[in-house]
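Peer 1: Here it is, the structure, as C-alpha cells.
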Amino acid sequence: MGNCTVVPTFRRTPGNSNSNTCPTTISSITQNTSSHLPKRETYVVHHNLPSSPDSQLWIAIKNRRRYKHKTNRIKTTRYNLITFLPKNLFEQFHRIANIYFAILIGLNWIPIINTISRNVTFIPLTVILTITAVKDLVEDLKRWRSDSKINKQTTEAYDKASKSFIECKWEDLNVGHVVRVRTDQVVPADILLLASSSCESTCYLDTAAIDGETNLKQKSIPSCFLNYTKSEEASFELQCDPPNDDIYHFCGRIILSSGSHVYPCDNNNILLRGCVLRITEYVDGLIVYAGNETKVIKSSRHTISKHALIERYINRDVFFSSIILTALCLICAGLAINWDLSYGSQWMFVPFLEYNPFDGVAGRFFINALTFVILFQVMVPIALYVSLDVVRVLQMYTIGRDKHLKYEHPISCRTFTINEDLGQIGYIFSDKTGTLTQNKLVFKAMSIGGLQYSVRSELPTENSTIVQHFLTVLAICNTSFMVHDHQELMHRIDYQPKYEGDNADDLVLCQTASDFGVRMISRSAQNILVRHINSTNTEKEDVEYEILCLLPFDSTRKRMSIIVRRNDQIFLFIKGAETSIWPHLSSLNDVHMKATIEQNSLSFAEQGYRSLLVAYRQLTLTEFESWFQQYEQAANSLANRDDAISDAATAIEVELMLAGLTAVEDKLQDGVPKAIATLRCAGIKIWLLTGDKQATALSTAQAASLVNIPQTLTSGNSSLSKNNSPATNSWDFGASAQAQLNQYTHMIYYSSQLIEMDQLLRTRGGTMSDELRTGETISRMSEVIAAQNLPVSLVVTGEDLGVILRYKPKEFMKAACQCQSVLFCRVSAKQKRELVSVAKSVFKYRILAIGDGANDVGMIRESNCGVAVYGREGSQAVAAGDFAVDRFECLTRLLLVHGAWCFTRTCELILYTFMHNCAYVFVIFYHQLFNGFSGAVSLHSLYILLYTSLFTVLPQCAAALFDQHVPAERALHEPQLYEYTLHARCYRIWSYWINILDAVWQSATIFFIAYFAYAKHADIDALVFGFSIAFSMTITSMIHVVLQTKRIDLALVGSIAFSLLVFLGFTLIMDATCILCLNGQSPYHVSYMAFRQGLFWLTNLFTIILAMLPRFFVKCIYNSTGNPLLRNDQKEHVPSSTQDTRF
C-alpha cells in the first residue's frame, strides 16, 4: 500500500559528506537545514522515496539495525495466558502490606518460632491475592474485548499497485500508509493531512471523544501539498517529534524529493486518532503515529500521583506503633529467657524445657523475639492502607453522586488518594477568566482613534481609513472559522456565516466586526474573503486578502498578528494586551489620540471590562521578504520552534500604528461572590492569578467579594466603580462571619512599595542590586502588613513577580501569607506554576489550584489538589485536574461539606484501627504473663486472624462512609466550622496516645475480668476462656464505633448487625463441624458450652460496660465543655431545620 519507511534518527551536526552526491537529495537537505540545531531525537517517516543503491538515505537505512514498522494494532491488556499468574503476583507483591504478611507467614513456618497454625496463616493473604487477581483478570478481559473490537474496524487505505483506495482493517495499517477518512468516520491513527474534498483545503473535526469539546476544529493542508492533484503519490520525508502524549502540540517539517525547500507542519495539520470527520466529504492523510504510539493512547496512560497530608500523620503513628511493637517483643523475649533461667539447675526436671536454658541465650532471645513479632504483628496495621484505599474509592463515588455538585456536568473525581486534603485547604490559587467569570463575552464598546462607539450607527458616515483598518483587524486577525449552513446564499448582502473557534475573544470580536459592516465570509489556508457593507446595508464590496503569515497568540508575547496582502499592499494587523503592544508603537502615532485611548482603557477597566489594543503596520515587499527568511528558519526548526517563532514575530511587530481599543464584558458566574465570602469565613485565603491588568483585576475582586474597598479609595489615579460593591447583606451567615465580611480591606501595592524603596535609596545616595532591592522591599512590606488591623490585600504585577521569583520567592511567600488575599495581574502560565511550587514548599496548609484553560494546567498539576472548571477554553485543565466541576461555587460544598466529612471520617478510621489492633495485641500480651512468655494463647488461631480482618472491619468502614460530624446545611451556614478540619483538631499527636491508653484499658478489662471470673472453675476449658475474651473484644469493638461516630444511621446499625451475625454464624458453624480442623485446636462445641453458662453472660456484660465507661464519660464531658462543633453560641445561630441530633 505504498512505498514507505519509518526510521528513528538522531539529528547531528553533519560531518564530512560525500561531495559526489546529488545536492538536492533529502539527506543533504536534512543536513543543511539541521546544522544549526542541537542534538535531538527525531522521528522520520519516508513516503514513496526511491531505494536505489546510490541513495545516501538508503545506505544509511541499510547500515542501521532493522526497524520494525509500527502497526496500528492497539494492545492495552496487561497479561496473557502465560504471564497472568506470575506477573499479577509480582505486581501485587510490590505492595508493602503483602510483602509484610508474606514474610510473617514464612517465619511462622519455621518450627522453632511457630506460634499460629500454619494452614490458618495463609487464609487472609490468599483471600486478598485471589480477590485482587480475579478483579485484575476481569478488567483485562474487558480491555481485550475492547481492543479486539477496535482493531477489527475498517477504513480505506491507498494501494500503490491498483492506484486506488481499498478497504482494510485498522490493525493492518502501518506508519507511512495513506488512508482516506470519509464524513462521520473516525480517524484510525494520527495522520498528516494530505488532501481534502473541501475547496478551502481544510476539514472540520469533532474532537469530543478526545478532549470533550463540542465545537468543531478546523485543520488545514500543509502548503506544500496545495498544488498536488494526487498527494498520496507525492514523494517526501517527514521529520517530526517522536511519539508522545501531548495531544495539543505537534512539531514537524516536510522535505519534498523534487526540490530543496523545507515546509513546516504543526498541530493544525494533524488529525488525531479518535476524532470524527464532519461536514467535509473526505480527507486523505499519511499515518505518522500508529497503534499504541498514537497521542491519544499515550495520553490515556498518564496518571497523577498525589498523596494526602493525612498520610504523614499515618506514617508518624505507624512509627510509634513500631516502637511499641519492638518494645513488647524485646520485653517478652527477655522475660521468656528469664522464666527459663528461673528453674536454675532443676531445668532438666521441667517437662517443657527440652534444652539447657543457660546455653545459647542470645540465639534463643532472637528466636523468641521473632516469635512475638508474629504474635503481635497487627500492632503495625499494614492492612490499614488497604482499608483506606477501599474507603477512599467509595467516598469518591459518593462525592460524584452529589446532585448539588451537578449542573451541566456531574463532578468528575480522578484522584481518590487526596479526598482528605479537601478538608485541609488553606489556600486557593484561582484563575479569573472562565473560572470566576462565565467566559461568555459580550461586546460593550470600542475606541477608534480616540472616539468611543457602542453601536454601528455611531460610526462616521465617510469612509475612514483607521475605522476600516480597525474593523478589518477584528474580522481577520483571529483563528476563527466559518460553518456555512446555506452556502448557496453566500452572494446575498445579508448572508451571515456561523463563526466557531476555541478563543472566546476572537469569536466575539469577529462577530462585532460583522455587526459593524466588515464581515468575514470565507477563509481558506491561503485566502480570506471579507465583505464590506455600507451603513445602509444596501451595497457590498468583497475584498480578498492573501494570507502571507499568521503569527499565533502565545503567553510570552500576549498578542497575535496576521500578515496579509491586498492587491500590492502588505499589511500586518495585530491585537493583544496593552502592555504587549504599547511599547511597540511607532513614534509617529498622534500623542493626543494615544492619551485619549489610554484614558478610555482605564475607564473600561474600572467597569470590569476586558480590553485589547488594535494596531497595524504597512510593510514593503523588501521588508517582508527579508523578515520571512528569518521566520522560515524558525518555523522549520524542530528544537524550540515556539520560542524561535516568538522571537521572529517580535522582530516584525514593531513601529505599529495604533488603531484603537476594544472592550468586552465577562460577567461573574452565578454564586461566585457568596462562594468566595463563604470560603473566606472558613479561614481559606484566596489568591487571584489573572492575565488582566491591575484595574480590571481589582474591579473583579471587588465584585466577587474578595476585597471590600471603600469607594473613596483609589487605585493609582482612578476610583473603583460603585457598581462593583459586593452585596453581603442578603447572605445568611452568622453575626461574626457577617462582621468579618463587612470589614474594609487595606490595599497594599507591591509596585508602590518598590517605588518608595527606590526613593529611599536615592535620598541615601546609594545603589543596590535587584536581589537586595527585592529583599528590602519585601521586608518593608512585611512590616507594613503586620502593622495593619484591617484585613490586607496585596497586589502584584507579573513583571514584579518575575523578579520576586528569581531572587526572593520564599521570603515573599512568608510575607504574603499574612494577607487575607493576594491579586497577581498580568501573570503568565509559567509564573502561575512557579508560584504554586514555591507556595507548596513554604505553606504548611494544603494548596488548591482552580482554573479552566490550558494556561492553568501547570499550576493545577503542581498544586496539592487541582480542580478544573468545565469551560469554553478546551479540556486540557479537566484532563489535568484531580477534580472537575461546572462552577466555582461548587468549591464551597466540595470543601466545607465533603472535604470536612472525608477528613473526619478517615481520621476516625485511622484512630479506630490503631486502637483496635493495640487492644488485640495487649490481650495476647497479658496471656504471656501466665504462660511463661511461651507465645501460647487461649484464643483459637482463626479468631486471631479473622478478628481484625472480618468480624470488626465493616462497622468502621460504614462509619467512614456515612458519618457526618456536622450536617451539610450547618457546614454551609457556619463556614467557620471548617477550621475544625483545616487545623486537624480531630487528629493531633495526642489523639493517637489517648487511643492507645484506651486500648490498654479495654484490653486489661477484657482479659483480667475474664481471668478472675474463670480462675476458680477448673471445669472450664482454655478455649471457652479464650472464646469469652473473643466475644468481649468483638462486642466492645462494635460499641466503640457507636461511641466514636457523630451520627447513628441505618447504615451503621445494619453493618453492626451484619457483622455480629457473621461472627455468631461463623462461630456456631465452626464449633459444630470442626472436630480436628487444626492440630491441637479443636473448637468442637466450645461456643455451645459457653452460651449455656450464666457466668459467660454476666462476665461479658460486666466487661463490656466497664471497658466502655471511660470513653463514654470523656466523650460526654468533651461534648459539654470543649467540643467546638457543639458550642451553644454557635447553635443559637443555626435554624432549627439544620440542627442534627447527636448521640
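The values are calculated or read from the model by the stated rules, or taken from the named source; none is laboratory data. Only a predicted model underlies this, so the values are computations on that prediction, with no experimental measurement involved. Please note: Cβ atoms are built from the backbone with ideal geometry, for glycine as well, and neighbour counts cover all protein chains shown. Calculation scope for accessible area: heavy atoms of the full protein, side chains included, ligands and nucleic acids excluded. Shrake-Rupley method; radii C 1.70, N 1.55, O 1.52, S 1.80 Å.
Peer 1: I need the full set of residues from segment 412-463 which are surrounded by fewer than 23 Cβ atoms within 10 Å (Cβ to Cβ), assigned to a loop (DSSP other than H, G, I, E, B) and within 17 Å of the chain's Cα centre (by Cα), in order please.
Peer 2: Result: Arg414, Thr415.
Peer 1: Of Cys890, Cys907, which residue is within 16 Å of Ala959 (Cα to Cα) and at pLDDT 85 or above?
Peer 2: Going through Cys890, Cys907 in turn, the sole match is Cys907.
Peer 1: Suppose the filter is open to solvent by 70 Å² or more (accessible area, probe 1.4 Å) and modelled with pLDDT of 90 or more; does Leu1064 pass it? Please lay out each step first, then the result.
Peer 2: Working: open to solvent by 70 Å² or more (accessible area, probe 1.4 Å): no; modelled with pLDDT of 90 or more: yes.
Answer is no for this residue.
Peer 1: Given the criterion at pLDDT 90 or above, open to solvent by less than 10 Å² (accessible area, probe 1.4 Å) and either in a helix (DSSP H, G or I) or in contact with a Ser or Thr (Cβ under 8 Å, 6 or more places away or on another chain) (or both), identify the matching residue among Val921, Val1000, Val966.
Peer 2: Of Val921, Val1000, Val966, the one residue that is at pLDDT 90 or above, open to solvent by less than 10 Å² (accessible area, probe 1.4 Å) and either in a helix (DSSP H, G or I) or in contact with a Ser or Thr (Cβ under 8 Å, 6 or more places away or on another chain) (or both) is Val921.
Peer 1: Something else: Of the residues Lys540, Lys498, which single one is open to solvent by 60 Å² or more (accessible area, probe 1.4 Å), farther than 27 Å from Leu621 by Cβ and more than 47 Å from the chain's Cα centre (by Cα)?
Peer 2: Of the residues listed, the single one that is open to solvent by 60 Å² or more (accessible area, probe 1.4 Å), farther than 27 Å from Leu621 by Cβ and more than 47 Å from the chain's Cα centre (by Cα) is Lys540.
Peer 1: Yes or no: segment 924-946 includes at least one residue that is in contact with an Asp or Glu (Cβ under 6 Å, 6 or more places away or on another chain) and open to solvent by 10 Å² or more (accessible area, probe 1.4 Å).
Peer 2: Taking every residue of segment 924-946 in turn, none turns out to be in contact with an Asp or Glu (Cβ under 6 Å, 6 or more places away or on another chain) and open to solvent by 10 Å² or more (accessible area, probe 1.4 Å).
Peer 1: Within the bounds of segment 872-893, is there any residue that is among the aromatic types (Phe, Trp, Tyr), crowded, with 24+ Cβ neighbours inside 10 Å and part of a helix (DSSP H, G or I)?
Peer 2: Kept after step one, since they are among the aromatic types (Phe, Trp, Tyr), are these residues of segment 872-893: 883, 888.
Still in the list and also crowded, with 24+ Cβ neighbours inside 10 Å: 883, 888.
Next, from what is left, pick out any that are part of a helix (DSSP H, G or I): none.
No, that holds for no residue.
Peer 1: OK, next. Only one of (1) closer than 29 Å to Ser603 by Cβ; (2) at pLDDT below 65; (3) out of contact with any Phe, Trp or Tyr (no Cβ under 9 Å at 6 or more places or on another chain) is not met by Ser751, so which one is it?
Peer 2: All conditions pass for Ser751, except number (2).
Peer 1: Cβ-Cβ below 8 Å, separation at least six or inter-chain, first residue in segment 495-514 and in the same structural domain as Ile476 (by the TED database), second assigned to a helix (DSSP H, G or I) and open to solvent by 30 Å² or more (accessible area, probe 1.4 Å): which pairs?
Peer 2: Note: pairs meeting the criteria are Tyr495/Leu489; Tyr499/Leu507; Tyr499/Gln511; Glu500/Leu507; Gly501/Leu507.
Peer 1: Suppose the filter is in a helix (DSSP H, G or I), crowded, with 16+ Cβ neighbours inside 10 Å and at pLDDT below 90; does Met1108 pass it?
Peer 2: Against the criterion (in a helix (DSSP H, G or I), crowded, with 16+ Cβ neighbours inside 10 Å and at pLDDT below 90), Met1108 does not qualify.
Peer 1: Out of curiosity, is Ala195 open to solvent by 10 Å² or more (accessible area, probe 1.4 Å) and part of a loop (DSSP other than H, G, I, E, B)?
Peer 2: no
Peer 1: Cβ contacts < 7 Å: first residue more than 15 Å from Ile123 (Cβ to Cβ), restricted to segment 98-111; second residue outside any helix (DSSP H, G or I), any location; separation 6+ or different chain. Result?
Peer 2: The qualifying pairs are Ile99/Phe93; Tyr100/Ile382.
Peer 1: Cβ contacts < 6 Å: first residue assigned by the TED database to the domain that holds Glu293 and more than 26 Å from Asp184 (Cβ to Cβ), restricted to segment 258-279; second residue polar (S, T, N, Q) and part of a loop (DSSP other than H, G, I, E, B), any location; separation 6+ or different chain. Result?
Peer 2: That search, which allows pairs on different chains as well, returns Ser260/Thr24; Val262/Asn636; Pro264/Asn636.
Peer 1: With respect to the numbered conditions (1) open to solvent by 10 Å² or more (accessible area, probe 1.4 Å); (2) small (Gly, Ala, Ser); (3) within 18 Å of Thr437 (Cβ to Cβ), which one is the sole condition not fulfilled by Gly858?
Peer 2: All conditions pass for Gly858, except number (3).
Peer 1: Could you grab me the full set of residues in segment 732-753 that are open to solvent by less than 40 Å² (accessible area, probe 1.4 Å), more than 16 Å from Gln694 (Cα to Cα) and touching a residue at least 40 places away in the same chain (Cβ under 8 Å)?
Peer 2: Matches in segment 732-753: Phe733, Gly734, Ala737, Leu741, Thr745.
Peer 1: Without any contact (Cβ under 8 Å) to a residue 60 or more places away in the chain, at negative phi and assigned to a helix (DSSP H, G or I) - does that describe any residue in segment 1020-1031?
Peer 2: No - not one qualifying residue is present in segment 1020-1031.
Peer 1: For the subset of segment 659-671 comprising residues that are of a type in the set (A, V, I, L, M) and surrounded by 24 or more Cβ atoms within 10 Å (Cβ to Cβ), which member is nearest to Tyr616 (Cα to Cα)?
Peer 2: Ala659
Peer 1: Going through Ile247, Ile287 one at a time, which residue ends up being out of contact with any His (no Cβ under 6 Å at 6 or more places or on another chain) and not in a helix (DSSP H, G or I)?
Peer 2: Among Ile247, Ile287, only Ile247 is out of contact with any His (no Cβ under 6 Å at 6 or more places or on another chain) and not in a helix (DSSP H, G or I).
Peer 1: May I ask you to list the residues in segment 535-593 that are among the basic types (Lys, Arg) and on the phi < 0 side of the Ramachandran plot? So that I can check it myself, show each step before the final result.
Peer 2: Of segment 535-593, the ones among the basic types (Lys, Arg) are 540, 557-559, 565-566, 575.
Scanning segment 535-593 gives Lys540, Arg557, Arg559, Arg565, Arg566, Lys575.
Peer 1: Looking at (1) farther than 20 Å from Ala701 by Cα; (2) within 17 Å of the chain's Cα centre (by Cα), find the lone condition where Lys832 falls short.
Peer 2: (1)
Peer 1: Pick out the one residue from Thr121, Thr115 that is open to solvent by less than 40 Å² (accessible area, probe 1.4 Å) and part of a loop (DSSP other than H, G, I, E, B).
Peer 2: Thr115
Peer 1: Right, something else. Given the residues Ala615, Ala644, Ala595, which is the only one that is under 30 Å from Phe443 (Cβ atoms), open to solvent by 20 Å² or more (accessible area, probe 1.4 Å) and in the same structural domain as Gln452 (by the TED database)?
Peer 2: Working: Ala615 fails: open to solvent by 20 Å² or more (accessible area, probe 1.4 Å); Ala644 fails: under 30 Å from Phe443 (Cβ atoms).
Unique residue meeting the criteria: Ala595.
Peer 1: Answer with yes or no whether Ser514 is among the hydroxyl-bearing types (Ser, Thr, Tyr) and closer than 19 Å to Ile279 by Cα.
Peer 2: Working: among the hydroxyl-bearing types (Ser, Thr, Tyr): yes; closer than 19 Å to Ile279 by Cα: no.
Considered against the rule, which asks whether it is among the hydroxyl-bearing types (Ser, Thr, Tyr) and closer than 19 Å to Ile279 by Cα, Ser514 comes out as no.
Peer 1: Which residue pairs have Cβ atoms under 7 Å apart, sit 6 or more places apart or on different chains, and have a first residue in segment 1053-1075 that is within 14 Å of Phe1091 (Cβ to Cβ) and a second that is of a type in the set (Val, Ile, Thr) and assigned to a helix (DSSP H, G or I)?
Peer 2: Once the first residue is within 14 Å of Phe1091 (Cβ to Cβ) and sits in segment 1053-1075, its partners that are of a type in the set (Val, Ile, Thr) and assigned to a helix (DSSP H, G or I) give Phe1063/Thr1034; Asp1071/Val1086.
Peer 1: What residue, among those in segment 198-243 that are among the polar types (S, T, N, Q) and within 20 Å of Glu546 (Cα to Cα), is surrounded by the most Cβ atoms within 10 Å (Cβ to Cβ)?
Peer 2: Among those residues, the one meeting the criterion is Gln218.
Peer 1: Give the number of residues within segment 551-573 that are in contact with a Leu (Cβ under 8 Å, 6 or more places away or on another chain) and among the aromatic types (Phe, Trp, Tyr).
Peer 2: Residues that pass the stated criteria total 1.
Peer 1: Being open to solvent by 60 Å² or more (accessible area, probe 1.4 Å), in contact (Cβ under 8 Å) with a residue 60 or more places away in the chain, in a helix (DSSP H, G or I) and within 30 Å of Cys681 (Cβ to Cβ), is that true of even one residue in segment 1007-1017?
Peer 2: no
Peer 1: Given (1) of a type outside the set (A, V, I, L, M); (2) at pLDDT below 90; (3) more than 18 Å from Tyr920 (Cβ to Cβ); (4) open to solvent by 10 Å² or more (accessible area, probe 1.4 Å), where does Pro1083 come up short, assuming only one miss?
Peer 2: (4)
Peer 1: What number of residues in segment 792-807 are among the charged types (D, E, K, R) and buried (at least 22 other Cβ atoms within 10 Å of the Cβ)? Show your work before the answer.
Peer 2: The initial filter retains those residues of segment 792-807 that are among the charged types (D, E, K, R), namely 799-800, 806.
Cutting the leftovers down to buried (at least 22 other Cβ atoms within 10 Å of the Cβ) gives us none.
Total meeting the criteria: 0.
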